[in-house]
Amino acid sequence: MRPLIDLDNVTKRYAHSGLEVEVLHGVSLTVHEGEFIAIMGASGSGKTTLMNLIGCMDRPTTGCYRLKGRDVANLDTDELATLRRETFGFIFQRYNLLSNASALENVEMPAIYAGVPAGRRRERAAALLHQLGLGERLGYAPGRLSGGQQQRVSIARALMNGGSVILADEPTGALDSRSGQEVMALLHNLHREGHTIILITHDQKIGAEAERLVRIADGRILEDLGSGPRVDSLISSPGADHNPGRTSPALLLDVMSSVKTALRALQVSPVRTLLTLLGVIIGVGSVVAMLAFGNGAREQVLKQIQSLGTNLLLVKPGAPGVRGAGAQVTTLVPADAEAVARLPNVRYAVPQMVNPVTVRRSNVAYGTTLDGTTPEFGAANNWRPVQGAFFTAGQQSSYAPVAVLGSTAARALFGVVNPVGQFVLVNNTPLRVIGVLGAKGADQNGNDRDDVIVTPITTAQARILGQTYLKWITVVVNDTSEIAATQAGVQALLRKRHGVVDSQVQSMTALLENQAQTQQTFTLMLGAVALISLLVGGIGVMNIMLVSVTERTREIGIRMAVGARQFHILLQFVTEALVVCAIGGIVGVAAGLFAAAAAAFFGTPVAFSVPPLLIALASAVTTGLVFGYLPARRAASLDPVIALSAE
């Protein structure tokens, strides 16, 4: 009859302080299905090392170990994990339960790594705990259970996936005599049900309860008493009877269990978790707020330019590139505007004579800007009166002393009183107010366009300013597709009229594109600064996860002992990093939106849109994935035996 377990001349060496120490020396042992074996020896005899080799927690240095005829030396780490999960059930002296999980959650853990659906595994875990007398303790954490009860939970966990071979390492060593007797009675019941029991002990009395006693000392088997398979146990395998329905553990691992474990791990150290979250929150919040501010500024500038119209050309005095061009330069005159108006594709050419003035009404003196222009001003700038009317061509030709006020100037001079029909003094020249323009807001430079008083250009020249030169000419074209040709025509005309290049023509379309590009660059710079802060938060996440791996090394060993593959450990810790960053991302988005909304309340231009929010969340998740991978990989690469022995 082929043995279940066959060790042939197995040795095990460990490197210690630069030296190799051989713990097992040529051990040979066979175990048949259904046996109850006690491996007994003093502390340091090598019995625990032998159990780790049998349970596929470790590999022999030399020799051959066959399990059900398979040479274990040829198996990779994931195949060894599968054997631990589907063949063995471990019962430890110190129970090795997860302290922050309930009894039910501890028992169902092996089935998680077997890919068993959540409902089925919980049902089986509860049934096992009921059978072991813990039906009223399903939700209890290990700290609320006695030592005997914790060991029962450990036994239930060993049986969760069938556990045809039960490896019990000093299962009564930490118990009082009564609890120890109860645990031994449970092992005898499992043996009668067909399980193979391998008991590790140093206690002669406990060892005597086994059907077969193997004595080990100094890494060598001294005697093997009462060997031989139990025939009735070979009829069936308890693993087949008790193994719940399984699916592929690699593909259908219950991700929600990983998330639940991650949330529980975060609760262990709330202050540290909060500090970790804070870095991600600040980073994501900065991304959201900065992009909102940048987009708001860009939209405001573009809106202001677009409000002027994309079919406009702006003619300014002064040669291009000359320092001070456009400031007190007298090269443009009203006749230039009249000449430009006669060019093809030109709808209007509106001269504008702009100067600061003082306006008085009663005892109120107010400094504002005078704009002497023509009746086409309103049509060219898409700016209409909301009260009264604009002046006419007849009023312009007759030098009429009339004025149209911007909304800011009207409010400063008249308050809530209707200014139409009232008189104001502009540089001691009385003008009758005939209209109030609609509000336009600030321009791209932040200047209030509504702080203005508009008069006929003839009135401004003859009655108020006494000057003939213009500040600029606003040109409205008919066909925007020909705006570049019109721009060139205006430049050529003025060069011909003046004999030199003493003016510059700007296209509002080009200005719009330049401003859009500038604002886009500004927004990207803000986003880059915010992403740097998110990067710093990601480094904090990685640091905390590395600390977490160190602190939870024993937990990793427990998970590996019950069948977790490297993929499962990797997924667990990556999930924890993703959960941290996802929570931080959500809170950060909310914080960023709140900061932007608060700024908007105080007048800062902001623009909210979905893409920046998605970008911020995606950045947070990516941060968790990138910075959580290294700690997770470190956790997954731990040796099961070393991890399980960590304090």
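A short reminder: the numbers here are calculations on the coordinates, not readings from a lab. Worth saying up front: this structure is predicted, and the values here are computed from it rather than measured. Note that we place each Cβ from the backbone using ideal geometry, even for glycine, and neighbour counts take in every protein chain shown.
Separation of segment 416-434 from segment 1-36 is 108 Å, based on Cα centroids. The Cα-based radius of gyration of the chain, divided by its Kirkwood radius, gives an Rg/Rh of 1.35. For the chain, which span is the longest to avoid every loop-located (per DSSP) member of trypsin sites (Lys or Arg not before Pro) having at most 15 other Cβ atoms inside 10 Å? Formally, the longest exposed-site-free interval is 343-647.
Considering only lysines 8 or more places apart in sequence, or on different chains, count the pairs in the chain whose C-alpha atoms sit under 18 Å apart.
On the way: Lys12/Lys47; Lys47/Lys205; Lys303/Lys440; Lys316/Lys471; Lys316/Lys496.
Close lysine pairs found across the chain: 5.
With q set to 0.14, 0.20 Å⁻¹, the log10 of I(q)/I(0) for segment 330-501, from the Debye formula over equal scatterers at the Cα positions, is -0.74, -1.32.
The distance from the alpha carbon centre of segment 593-647 to that of segment 146-216 is 46 Å, rounded to a whole number. Rounded to a whole number of µm²/s, how large is the Stokes-Einstein D of segment 5-249 at 37 °C and 0.692 mPa s, given Rh as the Kirkwood radius over C-alpha pairs? The calculation lands on 179 µm²/s. Seen from every direction in turn and averaged, the convex hull around the alpha carbons of segment 86-136 projects onto 4.1 nm².
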